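What follows is a set of notes on a single structure, which appears directly below.
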Amino acid sequence: MTSLDDLANRARSLVRGGHRALLGIAGSPGSGKTTLAENLVALLRRTPPAGLPPLEWVAQLPMDGFHLADVELDRLGRRDRKGAPDTFDAAGYAALLRRLREDEDDVIYAPAFERDLEQPIAGSIPIPRAARLVVTEGNYLLLDQGDWAHVRPRLHEVWYCDLDSDERVRRLVSRHERFGKDHDAAVAWVLGTDQRNADLIATTRPKADLVVPDAVLRSIGDRAQAMVD
């Protein structure tokens, strides 16, 4: 069975000849993308390739920072579909990936997504020149529609998180409740907007370079939760 150590070794092998590598982690909402990325980056920082700075050689870049702000979603009439492909600045995300791949800047600033506010925050994530591996996670990395089609060619590999559907739904409901929705509203959003997005994302699974199976994602998630508890 694939382990986190196996995944770390594969990610580390993408960095060749000193060139920057971009690794994407895709999957449906609640599939464990962020937990995998965080644990992968933490492990890679503890075990850097020879001659590279432990804390700076790998960076994490969430796609969620490219959510359109609520005020813009209101203007476009899309706020009730927040999280759908056309509620992100896909062109901006692809352009940032291009800059990272070109590897010409001393530092590149990326936006983060503040869960408590449910809003993007510009200039929150510095990616230094020393970062030889950038791990970016998001729903639509393998989507070939519109501006999303420019994302996959800029990534060296994309992995797909294949968490069991029932567990994914359970986690999503819990997340929405944690950030302010009551139970009924959380369930309605998960089975409505989130599920429509999940169905679309599932069609991109065959395009992944690697499918991370349910058992691995559960193991990583359980270990992360145990550290919090």
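The values are calculated or read from the model by the stated rules, or taken from the named source; none is laboratory data. As the structure is a computational prediction, the values presented were derived from the model and not from experiment. Note that we place each Cβ from the backbone using ideal geometry, even for glycine, and neighbour counts take in every protein chain shown. With ligands, DNA and RNA removed, areas are computed over all heavy atoms of the protein, side chains included. Shrake-Rupley method; radii C 1.70, N 1.55, O 1.52, S 1.80 Å.
What about Arg78, is it under 22 Å from Leu172 (Cα atoms), out of contact with any His (no Cβ under 9 Å at 6 or more places or on another chain) and surrounded by 13 or more Cβ atoms within 10 Å (Cβ to Cβ)? Let's see the steps before the verdict.
Values: under 22 Å from Leu172 (Cα atoms): yes; out of contact with any His (no Cβ under 9 Å at 6 or more places or on another chain): yes; surrounded by 13 or more Cβ atoms within 10 Å (Cβ to Cβ): yes.
Here the answer is yes, as Arg78 does meet what is asked.
Consider Ala110 carefully, then state whether it is closer than 25 Å to Arg129 by Cα, at pLDDT 95 or above, among the aliphatic types (A, V, I, L, M) and surrounded by fewer than 16 Cβ atoms within 10 Å (Cβ to Cβ).
No.
To keep it simple, each residue is scored yes or no on (1) open to solvent by less than 50 Å² (accessible area, probe 1.4 Å); (2) on the phi < 0 side of the Ramachandran plot; (3) in a loop (DSSP other than H, G, I, E, B).
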| residue | (1), (2), (3) |
| --- | --- |
| Asp116 | no, yes, yes |
| Ile121 | no, yes, no |
| Leu142 | yes, yes, yes |
| Asp147 | no, yes, no |
| Pro153 | no, yes, no |
| Val169 | yes, yes, no |
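With (1) of a type outside the set (S, T, N, Q); (2) part of a strand (DSSP E or B); (3) closer than 20 Å to Gly32 by Cα as the list, and Ile125 as the residue in question, which single condition is left unmet?
Condition (3) is where Ile125 drops out.
Mind checking which residues of the range 182-198 are of a type outside the set (A, V, I, L, M) and either within 13 Å of Gly27 (Cβ to Cβ) or touching a strand residue (DSSP E or B) at 6+ places or on another chain (Cβ under 8 Å) (or both)?
Answer for the range 182-198, where residues must be of a type outside the set (A, V, I, L, M) and either within 13 Å of Gly27 (Cβ to Cβ) or touching a strand residue (DSSP E or B) at 6+ places or on another chain (Cβ under 8 Å) (or both): Asp194, Asn197.
Across the range 46-63, what is the number of residues that are at pLDDT 95 or above and either part of a helix (DSSP H, G or I) or over 26 Å from Arg132 (Cα atoms) (or both)?
1
Condition check: among the hydroxyl-bearing types (Ser, Thr, Tyr) and without any contact (Cβ under 8 Å) to a residue 40 or more places away in the chain. Does Ser13 satisfy that?
yes
In the range 46-66, what count of residues is obtained for those that are over 17 Å from the mean Cα position of the chain (by Cα) and open to solvent by less than 20 Å² (accessible area, probe 1.4 Å)? Spell out the reasoning first.
Taking the range 46-66 and keeping what is over 17 Å from the mean Cα position of the chain (by Cα), we get 46-57.
Filter again for open to solvent by less than 20 Å² (accessible area, probe 1.4 Å), leaving 57.
Of the residues in the range 46-66, 1 are over 17 Å from the mean Cα position of the chain (by Cα) and open to solvent by less than 20 Å² (accessible area, probe 1.4 Å).
With respect to the numbered conditions (1) touching a Lys or Arg at 6+ places or on another chain (Cβ under 9 Å); (2) in a helix (DSSP H, G or I); (3) within 30 Å of Gly180 (Cα to Cα); (4) touching a residue at least 40 places away in the same chain (Cβ under 8 Å), which one is the sole condition not fulfilled by Glu72?
(4)
Quick one: would you say Phe113 is in contact with a Leu (Cβ under 8 Å, 6 or more places away or on another chain) and aromatic (Phe, Trp, Tyr)?
Taking the combined requirement at face value, the residue does not satisfy it.
If we scan the range 171-179, do we find a residue that is in a helix (DSSP H, G or I) and small (Gly, Ala, Ser)?
Within the range 171-179, one or more residues are in a helix (DSSP H, G or I) and small (Gly, Ala, Ser).
Residues of the range 102-114 being touching a helix residue (DSSP H, G or I) at 6+ places or on another chain (Cβ under 8 Å) and either assigned to a strand (DSSP E or B) or under 16 Å from Glu137 (Cα atoms) (or both), which ones?
Selection gives Ile108, Ala110, Pro111, Ala112, Phe113.
Give the range 1-45 a look and list any residue that's part of a helix (DSSP H, G or I), among the small types (Gly, Ala, Ser) and either open to solvent by less than 30 Å² (accessible area, probe 1.4 Å) or on the phi > 0 side of the Ramachandran plot (or both), or say none.
Pass one, the range 1-45, residues part of a helix (DSSP H, G or I): 4-13, 33-45.
Keeping just the survivors that are among the small types (Gly, Ala, Ser) gives 8, 11, 13, 37, 42.
Once the filter is applied, which keeps residues that are part of a helix (DSSP H, G or I), among the small types (Gly, Ala, Ser) and either open to solvent by less than 30 Å² (accessible area, probe 1.4 Å) or on the phi > 0 side of the Ramachandran plot (or both), the range 1-45 yields Ala8, Ala11, Ala37.
Between a first residue in the range 188-199 that is in contact (Cβ under 8 Å) with a residue 12 or more places away in the chain and part of a helix (DSSP H, G or I) and a second residue that is open to solvent by 10 Å² or more (accessible area, probe 1.4 Å) and among the β-branched types (Val, Ile, Thr), which pairs have beta carbons less than 7 Å apart while being 6 or more apart in sequence or on different chains?
These pairs meet every condition: Val190/Val169; Val190/Val173.
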